[in-house]
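Undergrad: Before we start, here is the structure in question, set down as structure tokens.
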Amino acid sequence: MGSVHLIKNATVVSVDKSIGTVPNCDVLIEDGVIKAVGPNLKYSSSPNIIDGTNAIVSPGFIDTHRHTWQTQLRSIGSDYVLSDYILNLRQIYGASYSVHDAYLGNLCGALDSIDNGITYLIDHCHVINSPEHADAVIKGLQEAKIRATFCYAMYANPHWEGSCIDKQREQQTPDWRLQDTVRIAKKYFQSGKDDDLIRMGFALSEPDLTPVDRLVQEIDHARHIGCKVITGHFNFGKWDPGNCIVRQLGQRGLLERDILLSHGNTLRDDELEIVAKHGCGISSTPDTELQMGMSHPVAFKAKDRGCSASLGVDVCCSAPADIFAQMRLLLQAQRHLEHEAQDKAPLEMSRSCQEILEIATIGGAKAVGLENLIGSITPGKRADLLITRCDAPRLVPAHDPVGTLVLYANGSDIDTVMINGEIVKSGGKLTNVDWPKLREELRTSVTNIMERSKKVPMEEVAATRDYMVKVLDVINQRRKANSA
Ligand SMILES: [Zn+2]
């Protein structure tokens with residue numbers, strides 16, 4: 001028999017409707033699987049006993065949209081709108097990432113996620129400047145021991161003198177990324193099982209700006225090579241040209257459970273209906289959407305219509321890898337929106353903490369097709385879970401355990417993180433890493449990226465900005481014409 005853990009006498013916030021929230025409850029974990037949940041569990045072997053007194057056990061958070069590689073750019077976009085982001089991250093910094101930078105970005109980004117209780121993430125990886133970058137970012141995820149779906153993105157960072165882009169390769173074989181996905185699928189993802197810790201996914205060329213025939217080709221290709229999740233950035237506010245690409249994909253019969261729409265703020269009612277009908281996932285990213293002018297997050301609206309709505313951190317250049325923060329921000333923004341829509345002062349609350357916690361856990365699992373495996377504290381599911389100690393001044397007392405998680409707790413309150421039954425954070429510290437050493441390596445990588453990025457020709461950046469202003473004008477006209 002492998003490892004056996006018994007968490008004793010905790011408050012279990014199961015997010016499983018048939019179990020609910022149970023005080024003084026035990027959780028038994030064997031060989032990476034939750035075996036039993038209930039008070040005073042009996043056990044025959046001698047398990048590793050973890051005291052759960054004054055602690056909450058809850059499912060790990062599921063982050064369904066993240067550009068993990070951007071770790072080295074933390075806080076650089078604190079005051080960005082989306083056009084600043086596109087110009088800086090995708091024209092300058094992305095092209096400045098070497099293979100080693102990409103590896104460190106993904107490793108440290110995934111560790112940051114684990115530290116904050118994220119046990120699964122969708123890595124929408126658009127820093128693949130060379131085939132070696134693809135190998136490096138996968139290695140980063142593997143070493144972090146997070147559960148993830150690595151989504152190989154088709155996005156090409158631009159070449160400039162001093163960047164990490166091979167000009168010849170981009171010019172002679174502009175579609176090399178699409179071909180390289182075949183190599184990656186064979187090399188790392190042959191098993192193709194749902195319970196593989198890292199699965200293969202695909203990130204489409206920008207759907208709102210790409211001809212639909214090309215998207216069809218990419219989706220067919222991704223399915224052919226066995227990708228489990230196909231994701232992309234869809235319909236974000238005033239960047240939405242109004243060509244209803246989700247409706248078009250639906251008409252072509254391409255919407256299936258493997259499609260995960262990031263953002264989708266301005267999806268039409270009929271599009272939400274077909275998204276729900278086909279079981280596609282939606283990832284709302286409250287921090288970036290509210291900050292960067294992408295319109296109000298669609299998660300609650302989509303959930304009300306039967307869609308699998310979930311949460312994502314998106315970019316860590318302007319937001320922490322922190323689902324507590326995303327839950328809190330979206331819940332209160334949604335409550336505000338719904339209170340404001342009423343004539344009179346509200347006499348009852350529109351949205352509960354339980355509802356947003358479900359979106360952040362089991363909702364995420366549904367959005368990526370893994371609800372039978374993760375997303376709740378349910379016997380038979382894999383043990384991806386958190387133990388949050390309610391000992392800090394801000395967490396005493398904890399009358400309402402769900403409210404405590406949603407409105408009060410943060411990553412530093414998480415004592416233990418388990419992924420697939422393996423303890424990856426314990427006593428408030430990451431277990432598998434020499435962080436002080438890795439931190440210095442990361443700082444050197446930051447210096448190298450910043451040095452390289454200084455070589456970007458500023459006239460090209462200015463030209464791109466002018467071009468973007470024109471594109472936005474065209475999008476605006478199209479959207480108005482399409483809605484007329
Ligand atoms: Zn994104």
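The values are calculated or read from the model by the stated rules, or taken from the named source; none is laboratory data. Treat the numbers as computed from the prediction; the structure is a model and nothing was measured. Every residue, glycine among them, receives a Cβ derived from its backbone with ideal geometry; neighbour counts consider all protein chains shown. Please note that ligands, DNA and RNA were not included when accessible areas were found on the heavy atoms of the full protein model with its side chains. Shrake-Rupley method; radii C 1.70, N 1.55, O 1.52, S 1.80 Å.
Undergrad: Go through the residues of the stretch 230-241 one by one and say whether even a single one is within 30 Å of residue 184 (Cα to Cα) and more than 16 Å from the ligand (Cβ to nearest atom). Show your work before the answer.
TA: Initially, the stretch 230-241 is screened for residues within 30 Å of residue 184 (Cα to Cα), giving 230-235.
Right, trim to more than 16 Å from the ligand (Cβ to nearest atom) and you get none.
Scanning the stretch 230-241 turns up no residue that is within 30 Å of residue 184 (Cα to Cα) and more than 16 Å from the ligand (Cβ to nearest atom).
Undergrad: A follow-up question, please. Just name the residue that is farthest from the chain's Cα centre (by Cα) out of those in the stretch 295-330 that are among the charged types (D, E, K, R) and in a helix (DSSP H, G or I).
TA: Pass one, the stretch 295-330, residues among the charged types (D, E, K, R): 301, 303-305, 314, 322, 328.
Checking which are in a helix (DSSP H, G or I) leaves us with 301, 303-304, 328.
Working: 301: 19, 303: 18, 304: 21, 328: 16 Å.
This residue is 304.
Undergrad: For the stretch 59-88, which positions are among the aliphatic types (A, V, I, L, M), under 27 Å from residue 367 (Cα atoms) and crowded, with 23+ Cβ neighbours inside 10 Å?
TA: 62
Undergrad: Right, another one. Any residue in the stretch 379-395 that is surrounded by 15 or more Cβ atoms within 10 Å (Cβ to Cβ), over 29 Å from residue 4 (Cα atoms) and touching a residue at least 24 places away in the same chain (Cβ under 8 Å)?
TA: There is no residue in the stretch 379-395 that is surrounded by 15 or more Cβ atoms within 10 Å (Cβ to Cβ), over 29 Å from residue 4 (Cα atoms) and touching a residue at least 24 places away in the same chain (Cβ under 8 Å).
Undergrad: Given the structure, is residue 277 basic (Lys, Arg), away from the ligand (no atom under 14 Å from the Cβ), in contact with a Lys or Arg (Cβ under 7 Å, 6 or more places away or on another chain) and open to solvent by 60 Å² or more (accessible area, probe 1.4 Å)? Can you show your working first?
TA: Values: basic (Lys, Arg): yes; away from the ligand (no atom under 14 Å from the Cβ): yes; in contact with a Lys or Arg (Cβ under 7 Å, 6 or more places away or on another chain): no; open to solvent by 60 Å² or more (accessible area, probe 1.4 Å): yes.
Considered against the rule, which asks whether it is basic (Lys, Arg), away from the ligand (no atom under 14 Å from the Cβ), in contact with a Lys or Arg (Cβ under 7 Å, 6 or more places away or on another chain) and open to solvent by 60 Å² or more (accessible area, probe 1.4 Å), residue 277 comes out as no.
Undergrad: Within the bounds of the stretch 438-459, is there any residue that is farther than 30 Å from residue 320 by Cβ, open to solvent by less than 70 Å² (accessible area, probe 1.4 Å) and outside the structural domain of residue 110 (by TED's automatic domain parsing)?
TA: Applying the first criterion (farther than 30 Å from residue 320 by Cβ) to the stretch 438-459 yields 457-459.
After this cut, where a residue has to be open to solvent by less than 70 Å² (accessible area, probe 1.4 Å) as well, the list is 457.
Retained after the next criterion (residues that are outside the structural domain of residue 110 (by TED's automatic domain parsing)): 457.
Taking every residue of the stretch 438-459 in turn, at least one turns out to be farther than 30 Å from residue 320 by Cβ, open to solvent by less than 70 Å² (accessible area, probe 1.4 Å) and outside the structural domain of residue 110 (by TED's automatic domain parsing).
Undergrad: Note down all Cβ pairs under 6 Å where the first residue falls in the stretch 291-315 and is outside the structural domain of residue 271 (by TED's automatic domain parsing), the second is within 16 Å of the ligand (Cβ to nearest atom) and not hydrophobic (A, V, I, L, M, F, W, C), and they're at least six residues apart or on different chains.
TA: Correct list of pairs: empty, since none qualify.
Undergrad: Quickly run through the stretch 308-322 and pick out the residues that are away from the ligand (no atom under 13 Å from the Cβ) and open to solvent by 10 Å² or more (accessible area, probe 1.4 Å).
TA: If the condition is that a residue be away from the ligand (no atom under 13 Å from the Cβ) and open to solvent by 10 Å² or more (accessible area, probe 1.4 Å), then 308, 320, 322 are the ones that fit.
Undergrad: When both residues are 6+ apart or on different chains and their Cβ atoms are under 8 Å apart, which pairs have a first residue that lies in the stretch 227-246 and is without any contact (Cβ under 8 Å) to a residue 40 or more places away in the chain, and a second that is small (Gly, Ala, Ser) and open to solvent by 10 Å² or more (accessible area, probe 1.4 Å)?
TA: These pairs meet every condition: 232/205.
Undergrad: Among 305, 335, which is the only one that is more than 16 Å from the ligand (Cβ to nearest atom), modelled with pLDDT of 95 or more, touching a Leu at 6+ places or on another chain (Cβ under 6 Å) and over 24 Å from residue 205 (Cβ atoms)?
TA: From the options 305, 335, the qualifying one is 305.
Undergrad: Out of the stretch 22-42, which residues are open to solvent by 20 Å² or more (accessible area, probe 1.4 Å), more than 20 Å from residue 373 (Cα to Cα) and either touching a Leu at 6+ places or on another chain (Cβ under 8 Å) or not in a loop (DSSP other than H, G, I, E, B) (or both)?
TA: 22, 23, 24, 41
Undergrad: Hey, could you check the stretch 236-258 for residues that are modelled with pLDDT under 95 and in a loop (DSSP other than H, G, I, E, B) and say which is most open to solvent (accessible area, probe 1.4 Å)?
TA: Result: 243.
Undergrad: Among the residues of the stretch 343-360, are any out of contact with any helix residue (DSSP H, G or I) (no Cβ under 8 Å at 6 or more places or on another chain), open to solvent by 20 Å² or more (accessible area, probe 1.4 Å), in a helix (DSSP H, G or I) and under 24 Å from residue 201 (Cβ atoms)?
TA: Yes, because at least one residue in the stretch 343-360 is out of contact with any helix residue (DSSP H, G or I) (no Cβ under 8 Å at 6 or more places or on another chain), open to solvent by 20 Å² or more (accessible area, probe 1.4 Å), in a helix (DSSP H, G or I) and under 24 Å from residue 201 (Cβ atoms).
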